[in-house]
Amino acid sequence: MTTTLPASAEAAPGPLAFPPDFRWGVATASYQIEGAAAEDGRTPSIWDTFSRVPGAVVGGDTGDVACDHYHRMADDVRLMAGLGVGWYRFSVAWPRVRPDGGAPNPAGIGFYDRLVDELLTHDVSPWLTLYHWDLPQALEDAGGWTVRDTADRFVEYAVTLHEALGDRVPVWTTLNEPWCSAFLGYTSGRHAPGRQEGAAGLRAAHHLLLAHGLAATELRARGADTLGVTLNFTVADPADPEDPADVDAARRVDALHNRMFLEPIRHGEYPADLLADTEHLGWTEVVRDGDLAAISATPIDVLGVNYYHGDSVSARPAADPGGPSPFPGLDRLSMPLRDLPRTAMGWEVQPEGLTRLLLRLHDEHPGLPLVVTENGAAYDDEVGPDGEVDDPERLAYLDAHLRAVHAARAGGADVRGYFAWSFLDNFEWAEGYAKRFGIVHVDYDTQVRTPKSSARWFSDVARTGRLPDRSQ
Ligand code: IFM
């Protein structure tokens, strides 16, 4: 298979143009859209279990039906292709492909086989993520990501899928946002499996990184030539840059959020400050000789960057922390809101943070191609009397962040693509269906899809490769 991420060609003339080979895409994840939770041999994932815990998910929502994409896949691909995007980033449900983490399941694999063919028929390139949080519950019952065996099971799963789809899928991402899997899953308990132990989150992070490294090496040996990982980064700024305590808290957030994941993958070592900060939690006994070499053995070809907002970090504890901190060992912390607009998630809209992040990644990891694999916003969309969904705030969010990507490229950052999160409204984890991130609206009663005004706008941008001039 030929390399799929050539260096971007020179930008076409024009102030807000992207190069012709810039990759425009939309993204989703298996549990958030597929539904069909018990069909064709699929067994429960940790999210099937967690979403049934009273109070875990807003409204008691589950992914049992979600967007029913499992049954509507061909129509969804046609809709996506109609938007003119060249790429689709999706994830695969491990419990469909190897139910309970056990033997391969041809029926489950068959769904992704058909999806990939359907995409290729419509000239949309598949960008596959192996793990976007739906761990088979049976593996969680055996210890989940806190135990090493899960990393070995992940390699088996990756190989099964590569044997089935390796001839047609050009880009393979091992993990989506391991920070969330580890620290929301095992430290704050806000996500599945809902455990609340500082050290468990750190152990989980190590085994996720090990899973990445072992799978990347195995897939490379089997011919995968574009391999990557997707990390969710923050831009951690001290609330008061003159206050040494805030500066230190921001450093610790940066270590746990950003550097803990990228440094081992790129350089085979955990940041020294992170090790010192977390030593008292006694998690490093899970790090065996050779693990860090295994994590970094196969260099990634592309770094997926997910960005939604940065954080202002204060060392002062929050008046109402709203649950355990997702930062192991860092409980005395707050993230005071700044004077910025906010999305329906309450997240600050901070596009300049994306420019800074991309420039920093480029400076610290020269030669590593970057792709924004997720960016987008939830707003309280409403279907108008004419049946249309007008979402000017989301459109403005996407526009501002694409300008931020453009600025980073102009500053030298090697950014080769952008995926809007998300193609469809979907199951937003602990927020259930109450938060809508889609550029396409989903009516969950009828499953009718309605492209929002942001979808039409994004479609124009993807087709022309340029942002509209705001002065016109
Ligand atoms: O919906 C999620 C996605 O699954 C992972 N990244 C962030 C998105 C918005 O919260």
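The values are calculated or read from the model by the stated rules, or taken from the named source; none is laboratory data. These figures come from a predicted structure and were not determined experimentally. When we count neighbours, we look across all protein chains shown, and the Cβ atoms used for this are built from the backbone with ideal geometry, even at glycine.
Observations, loosely collected:
- Test result for Val77, modelled with pLDDT of 95 or more, in a helix (DSSP H, G or I), closer than 24 Å to Gly304 by Cβ and of a type in the set (A, V, I, L, M): yes
- Considering (1) modelled with pLDDT under 95; (2) not in a loop (DSSP other than H, G, I, E, B), the lone condition that Pro324 does not fulfil carries the number (2).
- Of everything listed in (1) surrounded by fewer than 22 Cβ atoms within 10 Å (Cβ to Cβ); (2) part of a helix (DSSP H, G or I); (3) acidic (Asp, Glu), the single unmet condition for Glu140 is (1).
- In this structure, Asp254 does not satisfy being at negative phi, more than 21 Å from the chain's Cα centre (by Cα) and among the acidic types (Asp, Glu).
- Condition met for Glu242 (outside any loop (DSSP other than H, G, I, E, B), acidic (Asp, Glu) and surrounded by fewer than 20 Cβ atoms within 10 Å (Cβ to Cβ)): no
- Qualifying residue in the range 214-223 (condition: in contact (Cβ under 8 Å) with a residue 24 or more places away in the chain, surrounded by fewer than 24 Cβ atoms within 10 Å (Cβ to Cβ) and under 18 Å from the mean Cα position of the chain (by Cα)): no
- Flag for Ser325 being in contact with a strand residue (DSSP E or B) (Cβ under 8 Å, 6 or more places away or on another chain) and of a type in the set (Ser, Thr, Tyr): no
- Some residue of the range 46-69 being under 14 Å from Pro136 (Cβ atoms), in contact with an Asp or Glu (Cβ under 7 Å, 6 or more places away or on another chain) and in contact (Cβ under 8 Å) with a residue 24 or more places away in the chain: yes
- Residue that is farthest from the ligand (Cβ to nearest atom) [pool: residues in the range 180-190 that are surrounded by fewer than 24 Cβ atoms within 10 Å (Cβ to Cβ) and outside any loop (DSSP other than H, G, I, E, B)]: Leu184
- Matching residues in the range 207-262 - criterion: being among the acidic types (Asp, Glu), closer than 14 Å to Asp277 by Cβ and out of contact with any strand residue (DSSP E or B) (no Cβ under 7 Å at 6 or more places or on another chain): Asp248
- The residues of the range 407-460 that are among the β-branched types (Val, Ile, Thr) and either away from the ligand (no atom under 16 Å from the Cβ) or closer than 28 Å to His362 by Cα (or both), listed by number, are Val415, Thr446, Val448, Thr450.
- Output for the range 18-49, where each listed residue is surrounded by fewer than 24 Cβ atoms within 10 Å (Cβ to Cβ) and in contact with a Pro (Cβ under 6 Å, 6 or more places away or on another chain): Gly41, Thr43
- Evaluation of Trp172 against (1) in a helix (DSSP H, G or I); (2) in contact (Cβ under 8 Å) with a residue 40 or more places away in the chain; (3) not acidic (Asp, Glu) (one fails), failing number: (1)
- If the condition is being part of a helix (DSSP H, G or I) and either in contact with a His (Cβ under 8 Å, 6 or more places away or on another chain) or surrounded by fewer than 21 Cβ atoms within 10 Å (Cβ to Cβ) (or both), then the range 80-108 contributes Met80, Ala81, Gly82, Asp100, Pro106, Ala107.
- For the range 214-245, filtered to residues that are within 16 Å of the ligand (Cβ to nearest atom) and of a type in the set (S, T, N, Q), the residue that is nearest to Ser91 (Cα to Cα) is Thr230.
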